[in-house]
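The values are calculated or read from the model by the stated rules, or taken from the named source; none is laboratory data. Quantities reported herein were computed from a predicted structural model and do not represent experimental measurements. Positions of Cβ are generated from backbone atoms using ideal geometry, with glycine treated the same way; all protein chains shown enter the neighbour counts. Protein only, heavy atoms only, side chains kept; ligands, DNA and RNA dropped before computing areas. Shrake-Rupley method; radii C 1.70, N 1.55, O 1.52, S 1.80 Å.
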Amino acid sequence: MGSLDGRVAIVTGTSRGVGVGVARELLQEGATVVGCSRSPLPGLPGAADVPGGEQRSVQWVCDQGDYGSIDEFVARVVQTYGRIDILVNNAGGTVPSPSVDSVPPLVSRIQGAPSSDDDYERSVLFHAFAIQMNLISPLWFAIRVFRQMKHQDGVGSIVNISSGAGHPAGSPTLVSYGAAKSGLNHLTRSLAQEWGPKVRVNCLALGPTMTENFQSFVLPDDDKSGAKYFDNVPLKRAGDPSEVGRACVFLCSGEADFVNGTTVEVDGGMLPGVLYDAGLKTITDLL
Ligand SMILES: NC(=O)c1ccc[n+]([C@@H]2O[C@H](COP(=O)([O-])OP(=O)(O)OC[C@H]3O[C@@H](n4cnc5c(N)ncnc54)[C@H](OP(=O)(O)O)[C@@H]3O)[C@@H](O)[C@H]2O)c1
């Protein structure tokens, strides 16, 4: 018996990184998981590691930058599985930029933002993209899923994946991303108030979490385990995607029935600001 037996969950951004760990933990607890990403994949990565996981999962294409694509994707989930109990708004992320007013072409390219040879245009488009992907698209997804959940029996659960960069102390090098994540924390509380008692809405603010991209673009080449990098984090390491997944399981299970509108930090007790300088070094070395 799992704590999410019979639940139908959407997890966004499951082709790699944190989303894979989240999807796997939900599967482990008995949920059926529909993952998505822009790139087509034959199945949900990691599902084969869980008994029955391949039978209880699919991976479909959805571009969360397009509200029409979100609409079609959610309609297909309902058509196939009959309901949606859980949404984990995970897709998002960014790349640190040494200056907010002049975003280097490489930073923009790694982020996947619209390109431009014009320095000003490239910078403003980079920030618009960060806010779209980390604030507006999760709101679009939540709205579309709520429009289904409000007609169902039971209580739905939405979990937004935020970041320590959203802390009120500010986030130099991650200016638009931090503002978007701060907005996501705020939006979580507002939606919880609007959508209770039909749906609970909560948020997880992650600290550094070990993914393929984190290893390539954040950890320095001479410190790939992060032993030096994490010296200022009380637990002296990055989080693992599975640890984010277990926090999602808690928020979506009956154990958290009275937890609503809150942001839980999953960051090893890191204080704000301790990693901004270190986090820029690998990108600066690449430039
Ligand atoms: N890793 C960390 O240290 C860390 C720290 C704090 C917060 N977070 C947050 O955790 C979440 C996941 O981050 P991550 O590190 O796992 O990122 P990641 O490794 O870059 O993975 C992002 C996932 O989102 C998908 N995605 C990107 N754009 C999309 C779009 N327009 N529509 C649908 N899917 C899209 C990607 O697949 P495709 O490219 O194939 O579409 C991929 O599966 C993000 O919200 C991030 O802000 C991460």
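Among the residues of the stretch 155-197, which ones are in a strand (DSSP E or B), hydroxyl-bearing (Ser, Thr, Tyr) and farther than 23 Å from ALA113 by Cβ?
Within the stretch 155-197, the subset in a strand (DSSP E or B) is 156-163.
Subsequent filtering for residues that are hydroxyl-bearing (Ser, Thr, Tyr) retains 157, 162-163.
Matches in the stretch 155-197: SER157 only.
Given GLY17, GLY93, GLY21, GLY43, which one is away from the ligand (no atom under 13 Å from the Cβ), at pLDDT 95 or above and farther than 20 Å from ILE143 by Cα?
On the way: GLY17 fails: away from the ligand (no atom under 13 Å from the Cβ); GLY93 fails: away from the ligand (no atom under 13 Å from the Cβ); GLY21 fails: away from the ligand (no atom under 13 Å from the Cβ).
Every option except GLY43 fails the conditions.
Out of the strands (runs of 3 or more DSSP E) lying entirely within the stretch 1-102, which hold 2 or more residues that are surrounded by fewer than 21 Cβ atoms within 10 Å (Cβ to Cβ)?
So the answer is 57-61.
Take the residues of the stretch 103-118 that are part of a helix (DSSP H, G or I) and open to solvent by less than 60 Å² (accessible area, probe 1.4 Å): which is farthest from ALA9 (Cα to Cα)?
Top of the filtered list is LEU106.
Give the residue, chosen from GLU243, GLU265, that is touching a helix residue (DSSP H, G or I) at 6+ places or on another chain (Cβ under 8 Å), within 15 Å of GLY207 (Cβ to Cβ), modelled with pLDDT of 95 or more and assigned to a helix (DSSP H, G or I). Reasoning before the result, please.
On the way: GLU265 fails: assigned to a helix (DSSP H, G or I).
None of the others qualify; the one that does is GLU243.
Right, VAL159: away from the ligand (no atom under 12 Å from the Cβ) and either of a type in the set (A, V, I, L, M) or closer than 18 Å to VAL95 by Cβ (or both) or not? Quick ask: steps written out before the conclusion?
Working: away from the ligand (no atom under 12 Å from the Cβ): no; either of a type in the set (A, V, I, L, M) or closer than 18 Å to VAL95 by Cβ (or both): yes.
Criteria not met by VAL159.
What number of residues within the stretch 103-139 satisfy the criterion of being of a type in the set (Lys, Arg) and closer than 17 Å to GLY65 by Cβ?
1
Every residue in the stretch 195-213 that is open to solvent by 30 Å² or more (accessible area, probe 1.4 Å) and near the ligand (Cβ under 10 Å from one of its atoms), please.
MET210, GLU212, ASN213
Quick check on the stretch 219-230. Is at least one of its residues within 14 Å of the ligand (Cβ to nearest atom), under 24 Å from SER15 (Cα atoms), open to solvent by 20 Å² or more (accessible area, probe 1.4 Å) and touching a Gly at 6+ places or on another chain (Cβ under 6 Å)?
Checking the stretch 219-230: not a single residue is within 14 Å of the ligand (Cβ to nearest atom), under 24 Å from SER15 (Cα atoms), open to solvent by 20 Å² or more (accessible area, probe 1.4 Å) and touching a Gly at 6+ places or on another chain (Cβ under 6 Å).
Let me confirm something: among LEU174, LEU235, LEU271, LEU275, which residue is closer than 24 Å to VAL100 by Cα, open to solvent by 80 Å² or more (accessible area, probe 1.4 Å) and not small (Gly, Ala, Ser)?
After ruling out the rest, the residue left standing is LEU271.
State yes or no: is VAL50 within 16 Å of the ligand (Cβ to nearest atom) and closer than 17 Å to CYS248 by Cβ?
no
Is one or more of the residues making up the stretch 137-155 among the polar types (S, T, N, Q), touching a residue at least 40 places away in the same chain (Cβ under 8 Å) and touching a strand residue (DSSP E or B) at 6+ places or on another chain (Cβ under 7 Å)?
For the stretch 137-155, residues among the polar types (S, T, N, Q), touching a residue at least 40 places away in the same chain (Cβ under 8 Å) and touching a strand residue (DSSP E or B) at 6+ places or on another chain (Cβ under 7 Å): absent.
For the structure I just gave you, tell me whether ASN185 is closer than 21 Å to ILE131 by Cβ, in contact (Cβ under 8 Å) with a residue 40 or more places away in the chain and open to solvent by 20 Å² or more (accessible area, probe 1.4 Å).
In short, yes.
Residues in the stretch 79-89: is at least one in contact with a Phe, Trp or Tyr (Cβ under 8 Å, 6 or more places away or on another chain) and farther than 19 Å from LYS181 by Cα?
Looking for residues that are in contact with a Phe, Trp or Tyr (Cβ under 8 Å, 6 or more places away or on another chain) and farther than 19 Å from LYS181 by Cα, one finds none in the stretch 79-89, hence no.
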